[in-house]
Amino acid sequence: MNRLCVVLAALLSGCVTQGTYDALQKDRDTLKADLDRTKAESAETQERLEKASRELSERIARVQAELEKTVIERDSIAKTKAGLESDLSTMLKDKSRLQASVEEMKTALAELSRRKAEADARLAEFKGLLNRFKSLIDAGKLQVKMVDGRMVVALASDVLFASGSSKLSKDGEAAIAEVAQLLAEIPDRKFQVEGHTDNVPIKSAQYPSNWELAAARSLTVVKTMVEAGLPPDRISAASYGEFKPAKANDSSEGKASNRRIEIVVMPDLSSLPGFDELKRVSGQ
């Protein structure tokens, strides 16, 4: 730089030697060479910068693409996770419902088993009753049947009583005594004697209606059975008069079927479903 100033001073003074000129020329060539080199280096640097910029842009683009792909995958994973959580929740609910259904089925099966056992027990008891009274059934003195879900020993009142009377015949007393002895052998059962008539009205000083006649007959049977050995706390009397016919009263055969004494084997209510709850509600 100092040399350049000297050259400029010499030029301004108008006195330039050949040596000075040569030196200046050399400096100029040197400067030009430096300038050309600098330009070349600048171009090379520019090219490197552009290349680096392109590579950076490409890398940024790749990273951006990978980022977008990652975001998509993340969203997909999130959706899959949400779906799996929903499926798990549904499965847990289904499992809970299934367990509840299984428990309900177990309860229902247990109830069915209990009812089947009760039905089997009633059937066995009915068969036992038939066997006990087989000789009387075969002799035509009585019938054993199911009426309204109850076991009933039915005797025709025409065999037991005279028309319009509540006094047992000798054959009737013997039949009732034999029935009482057989019933006494059935443990843990109570019995109700029910009196029934046909629809032919009766009106007398002793029996103003069929109610009184049927009641008197059922009481006579009860007393006879107690005298034959049946404990009095296991038997009771009832009267239906003409109002619970076994058959239509439009024929002599129908009327005869309706004039009857029925000894009902009373069901054990404690074995019925809900008995404990009814007992609790009633305060017993």
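Overview of values
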| item | result |
| --- | --- |
| Of the criteria (1) touching a residue at least 24 places away in the same chain (Cβ under 8 Å); (2) outside the structural domain of Arg260 (by TED's automatic domain parsing), which one Glu58 fails | (1) |
| Candidate set from region 223-239 (those that are of a type outside the set (A, V, I, L, M) and over 44 Å from the mean Cα position of the chain (by Cα)); member that is nearest to Gly164 (Cα to Cα) | Ser239 |
| Residue satisfying all of: in region 123-145; more than 16 Å from Asp188 (Cα to Cα) and in contact with a strand residue (DSSP E or B) (Cβ under 8 Å, 6 or more places away or on another chain); surrounded by the most Cβ atoms within 10 Å (Cβ to Cβ) among these | Leu142 |
| Selected residue (only one of Leu213, Leu183, Leu219 is buried (at least 19 other Cβ atoms within 10 Å of the Cβ), at pLDDT 95 or above and either assigned by TED's automatic domain parsing to the domain that holds Ala156 or among the polar types (S, T, N, Q) (or both)) | Leu213 |
| Wholly within region 131-242, helices (runs of 4 or more DSSP H) carrying at least 1 residues that are of a type in the set (Lys, Arg) | 134-138, 170-184, 210-227 |
| Failed condition for Val147, given (1) closer than 14 Å to Glu178 by Cα; (2) in contact (Cβ under 8 Å) with a residue 60 or more places away in the chain | (1) |
| Candidates Asp120, Asp148, Asp158 - the one that is loosely packed, with under 11 Cβ neighbours inside 10 Å and closer than 22 Å to Lys247 by Cα | Asp148 |
| Residue tally, condition touching a helix residue (DSSP H, G or I) at 6+ places or on another chain (Cβ under 6 Å), surrounded by 13 or more Cβ atoms within 10 Å (Cβ to Cβ) and either at pLDDT below 95 or not in a strand (DSSP E or B) (or both), over region 243-270 | 5 |
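The values are calculated or read from the model by the stated rules, or taken from the named source; none is laboratory data. Not measured: the values here are computed from a predicted model. Because the Cβ atoms are built from the backbone with ideal geometry, glycine has one as well, and the counts that use them run over all protein chains shown.
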